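Q: Please find one structure pasted underneath; my questions will follow.
The values are calculated or read from the model by the stated rules, or taken from the named source; none is laboratory data. Remember, predicted model here, so these are calculated numbers, not experimental data. We place every Cβ from the backbone using ideal geometry, glycine too, and count neighbours over all the protein chains shown. Quick note on the areas: whole protein, heavy atoms, side chains included, nothing else; ligands and nucleic acids left out. Shrake-Rupley method; radii C 1.70, N 1.55, O 1.52, S 1.80 Å.
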Amino acid sequence: MTNLDIGLEGVVVGETAISHVDGALGRLSYRGVDVAELARRPFLQVVWLLLFGQEPNQEQEQQLARYLMLHREMTGAERAMLEALPLDTHPMLMLQSLVPVLDLTVRGDLEVPFGAEAAREGLIITARLPTLVAAWARRISGQSFPVPSFRSDPLAAFLESFHDASPEPLAVSTLNRAQILQLEHSYNAGTFSGRVALGAQAPLQSSISASIGTLFGKLHGGADEAALKFAYDVGCPDKADQAVQDVLNARGRIMGIGHREYQVVDPRATLLKPMARDLCADNPDHARLFATLEAIEASCYRRLSKPGKELHANVEFYKGAVFHALGVPHQFFTAMFAMARSYGYLAHALEFKPVARLIRPRARYIGPEPAWASA
């Protein structure tokens, strides 16, 4: 009888040149370049490399910035759909609902490498996501929709729209690094969901919507929100160890700790942790939150690590502290993740579509024997 692997762990289902995860060494690269190096570059420079597999020249980078800026503003119909949603709709459900019905009318030209024409349509979606997130944040807080920002930097434009104020340079540079670290991570659950949709020849916006829906899961992108909430509930570093033990005694999980792919520390967490420390240092409440997270991580490491499998914080764990210090409410953390990872979803769509085929696994039937089987 064939063994089951319900989670497909270790099962090779395709090939990719987009990113490489080396779990044994704790390394991650996009297009062969280590993320530690990429995190020091401008966001759109990394996006171009991720999508097209080549370093952009200055003109290409400027073209991409202009193309995203031209497609940033919502249409009247999109505003009406946002206004019609219940105010208690989670930002991730809002995105999953609106992405399939976005107006993909092209408002400007973009020269893309040969064979990547679908990138133009996908980039309209990635351009609109930050606007939707900022608009929904303002709507649920009783404010008017943001005035479109004409900044060429999409991350600075997002912060300006989200807070209705010019962002500090440190906030922009920190968000630049954090979003680069979230762009891509090989065949993760969200990316695989999108490939399943594309394999069925669903349109690109349906594929990205499926990926966003998967990313919302607490065992995937939603761990950032859950990790910060747990730290707030713990309250202070001195209570962290007992709180971790209480969760383990109840057979619960500490969100944001450990990663299926990494036997050692997640390299993205290594970069995010000092960013969180620096951002939180000047605010006593934020500093206490960071110290609590650090104490939770230390307790989990002592209690859960095994020979050959160390348990450290993953990218989700300290990311919440970064976004919190940037003034982003916790319910928007995963939507921020989606804003970045949508570029990764698009990169996989460009890679997969030329060779796509229907993904159709089999299941072993264990139900009652049908009547015709014994006839």
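Q: Can you pull the percent of region 227-270's accessible area that's carbon plus sulfur, 1.4 Å probe, other chains left in place?
A: Details: 1190 of 2430 Å².
Ligands and nucleic acids excluded, carbon and sulfur reach 49 percent.
Q: Given a 1.4 Å probe, how much area per residue of region 97-206 is accessible, in Å²?
A: Per residue, region 97-206 has an accessible area of 40 Å².
Q: Show Lys319, Lys273, Lys239 ordered by accessible area, largest first, where the area counts protein heavy atoms only and the probe is 1.4 Å.
A: I get Lys239, Lys273, Lys319, largest accessible area first.
Q: Let me ask something additional. Ordered by packing density, taken as the mean number of other Cβ atoms within 10 Å over each peptide's residues, highest first, how do 356-364, 10-18 rank?
A: Values: 356-364: 9.2, 10-18: 11.1.
Final packing ranking: 10-18, 356-364.
Q: Still on this structure, please answer the following. Which of the peptides 279-286, 44-51, 254-261 is most tightly packed, and how do the rest follow, going by the mean number of other Cβ atoms within 10 Å of each residue? Please list the in-between numbers first.
A: Working: 279-286: 14.1, 44-51: 23.0, 254-261: 21.2.
My ranking of the peptides, most packed first, is 44-51, 254-261, 279-286.
Q: What does the accessible area per residue of region 281-375 come to in Å², with a 1.4 Å probe and no ligands, DNA or RNA counted? Numbers along the way, then the final one.
A: On the way: 4910 Å² over 95 residues.
Solvent-accessible surface per residue comes out at 52 Å².
Q: Okay, next question. Out of Ala231, Ile359, Thr292, whose Cα points farthest toward the positive end of the dipole of the chain (charges: +1 Lys, Arg; -1 Asp, Glu; placed on Cβ)?
A: In the chain, that residue is Ile359.
Q: Pick out, from Leu95, Ile124, Gly76, the residue whose Cα sits farthest towards the positive end of the charge dipole of the chain, with +1 on the Cβ of Lys and Arg and -1 on the Cβ of Asp and Glu.
A: Going by the Cα projections, it comes out as Leu95.
Q: Give me the accessible area of Ser152, 1.4 Å probe, in Å² rounded to the nearest 10.
A: Surface accessible to solvent at Ser152 totals approximately 80 Å².
Q: Which value does Rg/Rh take for region 7-153 over its C-alpha atoms, Rh per Kirkwood? Write down the numbers at each step before the final one.
A: On the way: Rg = 18.0 Å, Rh = 17.6 Å.
So for region 7-153, dividing Rg by the Kirkwood Rh gives 1.02.
Q: Using just the helices of the chain, give the 222 nm mean residue ellipticity in deg cm²/dmol: DSSP H runs with n ≥ 4 each add -39,500 (n - 2.57), and the total is spread over all residues, rounded to 500.
A: Values: 16 runs with 201 residues, N = 375.
So the helix-based figure for the chain works out to -17000 deg cm²/dmol.
Q: Would you mind classifying the chain by shape? Square roots of the alpha carbon gyration tensor eigenvalues, ordered a ≥ b ≥ c; an a/c under 1.5 is rounded, otherwise it is prolate if a/b is larger than b/c and oblate if not. Please list the in-between numbers first.
A: Details: a/c = 1.43, a/b = 1.04, b/c = 1.38.
Judged from the Cα gyration tensor, the chain comes out rounded (a/c under 1.5).
Q: Magnitude of the Cβ-charge dipole of the chain, K/R +1 and D/E -1, about the Cα centre, nearest 20 debye?
A: Numbers: 36 positive and 40 negative charges, 149 e Å.
Around 720 debye, computed over the chain.
Q: Could you give the size of the charge dipole of region 26-105 about its Cα centre, using +1 on the Cβ of each K and R and -1 on the Cβ of each D and E, expressed in debye and rounded to the nearest 20?
A: Numbers: 7 positive and 10 negative charges, 49 e Å.
Taking the Cα centre of region 26-105 as origin, the dipole is about 240 debye.
Q: Leaving ligands, DNA and RNA out of it, report the carbon-plus-sulfur percent of the accessible area of region 60-175 at a 1.4 Å probe. Could the numbers behind the result be given before it?
A: On the way: 2830 of 5190 Å².
C and S atoms contribute 54 percent here.
Q: Rounded to the nearest 20 Debye, what is the dipole magnitude of region 43-151 about its Cα centre when Lys and Arg each give +1 and Asp and Glu each give -1 at the C-beta? Please list the in-between numbers first.
A: Working: 9 positive and 12 negative charges, 84 e Å.
It comes to approximately 400 debye.
Q: Once you order the gyration tensor axes a ≥ b ≥ c over the Cα atoms, which shape class does region 75-158 get: rounded for a/c under 1.5, otherwise prolate or oblate by comparing a/b with b/c? The partial results should precede the final answer.
A: On the way: a/c = 2.37, a/b = 1.69, b/c = 1.40.
Prolate shape, in that a/c is at least 1.5 and a/b is the bigger ratio.
Q: Same structure, new question: Take the alpha carbon gyration tensor of region 327-375, find the square roots of its eigenvalues, order them as a ≥ b ≥ c, and report rounded if a/c is under 1.5; if not, report prolate when a/b exceeds b/c, else oblate. Each step should come with its number before you reach the end.
A: Details: a/c = 8.19, a/b = 1.97, b/c = 4.15.
Oblate, since a/c reaches 1.5 and b/c is not below a/b.
Q: Tell me which of Ala240, Ile254, Pro267 sits at the most positive position along the dipole axis of region 224-267, charges placed on C-beta atoms (Lys, Arg +1; Asp, Glu -1).
A: Selected residue: Ile254.
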